[in-house]
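This report concerns only the one structure given below.
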Amino acid sequence: MERDKVLVVDDEAMVREVMGKYLERDGFAVRLVADGAEALRVAGEWWPDLVLLDLMLPRLDGLEVCRRLQASRPVPVIMLTAKGQETDKLVGLGLGADDYVTKPFSPREVVARVKAVLRRARQPALTGEGDSLRFGELTVNPRGRQVLVGERTVDLTAREFDLLHFLCRHHGQVFTREQLLDRVWDYSFYGDTSTVTVHIRRLREKVEPDPERPRWIKTVWGVGYKFEAALTPAHSQRERGALSSPSGRGPG
């Protein structure tokens, strides 16, 4: 059986060697690379199934490597970041990275995330029954993986869409960050929940009229998040039109 291939890109030799050993121990085929330009060359020849990508790299930084990878042949990417790189995390996720891990990290946690991202990438998208969900101006169409606010199409990454769709399907229900990691990211362990916080922030910036005062994606302090809105029935507009028209009849 062919092994999954993971490309590890980091300019720190210790990080490369440790992650290489842990991944190989779990049955992955691994290539280790120290800079961004070499990462693109190896990726173009070897076609990895997933890339572990440090942001701070010589020659080409991780964000540019991620941008070029996704433009040529999209591949799951987990970014390795320092604690202070919050803006870069947001940019990287916007470029199509699936997740990030903050240094210092547990190699076992990274291997678990690699497995979860690969497992998720090979599963059908979260689509429920396939019916569109409407909450006033917000429409989520799982079949086309499309989101509209009014008539404006909102461009979401795959993970952002999965998170929004999950919250919409369970509107009114509160989820902790750990629960969202388990249900949306498929992480069956206690990991770094800040990735949920970053994705929630990005979703608010994209779909909320005022991200600082969110209408739909609410924070429940000390607990987690919920989607708060009443589902708009598919027939409600027709009923309102009939009731407001001169010839329309009210309830008998």
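The values are calculated or read from the model by the stated rules, or taken from the named source; none is laboratory data. These numbers come from a predicted model, not from an experiment. Glycine also receives a Cβ, built like all others from the backbone with ideal geometry; neighbour counts cover every protein chain displayed.
Points worth noting:
- Where a residue in the range 199-223 is assigned by TED's automatic domain parsing to the domain that holds ARG152 and assigned to a strand (DSSP E or B) and its partner, wherever it lies, is buried (at least 20 other Cβ atoms within 10 Å of the Cβ) and hydroxyl-bearing (Ser, Thr, Tyr), with Cβ under 9 Å and at least six apart: ILE217/TYR225; LYS218/TYR225; THR219/TYR225
- Condition check for ARG134: outside any loop (DSSP other than H, G, I, E, B), modelled with pLDDT under 85, among the basic types (Lys, Arg) and surrounded by 19 or more Cβ atoms within 10 Å (Cβ to Cβ): no
- Which listed residue is at pLDDT below 90, surrounded by 15 or more Cβ atoms within 10 Å (Cβ to Cβ) and touching a strand residue (DSSP E or B) at 6+ places or on another chain (Cβ under 9 Å), from VAL117, VAL110: VAL117
- Just so you know, in the range 91-107 the residues that are surrounded by fewer than 22 Cβ atoms within 10 Å (Cβ to Cβ) and either in contact with a Lys or Arg (Cβ under 6 Å, 6 or more places away or on another chain) or not assigned by TED's automatic domain parsing to the domain that holds VAL15 (or both) include one that is farthest from TYR22 (Cα to Cα), and it is LEU95.
- In the range 214-252, the qualifying residues are those that are at pLDDT 50 or above, out of contact with any Ser or Thr (no Cβ under 7 Å at 6 or more places or on another chain) and aliphatic (A, V, I, L, M), and the one that is farthest from VAL174 (Cα to Cα) is ALA234.
- Residues of the range 72-114 classified as on the phi < 0 side of the Ramachandran plot, small (Gly, Ala, Ser) and touching a Pro at 6+ places or on another chain (Cβ under 9 Å), total: 1
- Residues within the range 145-159 that are loosely packed, with under 15 Cβ neighbours inside 10 Å and within 17 Å of the chain's Cα centre (by Cα), tallied: 1
Matching residues to (1) within 16 Å of the chain's Cα centre (by Cα); (2) surrounded by 17 or more Cβ atoms within 10 Å (Cβ to Cβ):
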| site | (1), (2) |
| --- | --- |
| PHE161 | yes, yes |
| ARG201 | yes, no |
| ARG204 | yes, yes |
| GLU208 | no, no |
| TRP216 | no, yes |
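Here is a yes/no grid of residues against (1) surrounded by 17 or more Cβ atoms within 10 Å (Cβ to Cβ); (2) modelled with pLDDT under 90; (3) assigned to a helix (DSSP H, G or I); (4) not assigned by TED's automatic domain parsing to the domain that holds ILE200:
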{"position": "GLU24", "(1), (2), (3), (4)": "no, no, yes, yes"}
{"position": "LEU40", "(1), (2), (3), (4)": "yes, no, yes, yes"}
{"position": "GLY44", "(1), (2), (3), (4)": "no, no, yes, yes"}
{"position": "PRO48", "(1), (2), (3), (4)": "yes, no, no, yes"}
{"position": "LEU52", "(1), (2), (3), (4)": "yes, no, no, yes"}
{"position": "LEU57", "(1), (2), (3), (4)": "yes, no, no, yes"}
{"position": "VAL75", "(1), (2), (3), (4)": "yes, no, no, yes"}
{"position": "ILE78", "(1), (2), (3), (4)": "yes, no, no, yes"}
{"position": "LYS89", "(1), (2), (3), (4)": "yes, yes, yes, yes"}
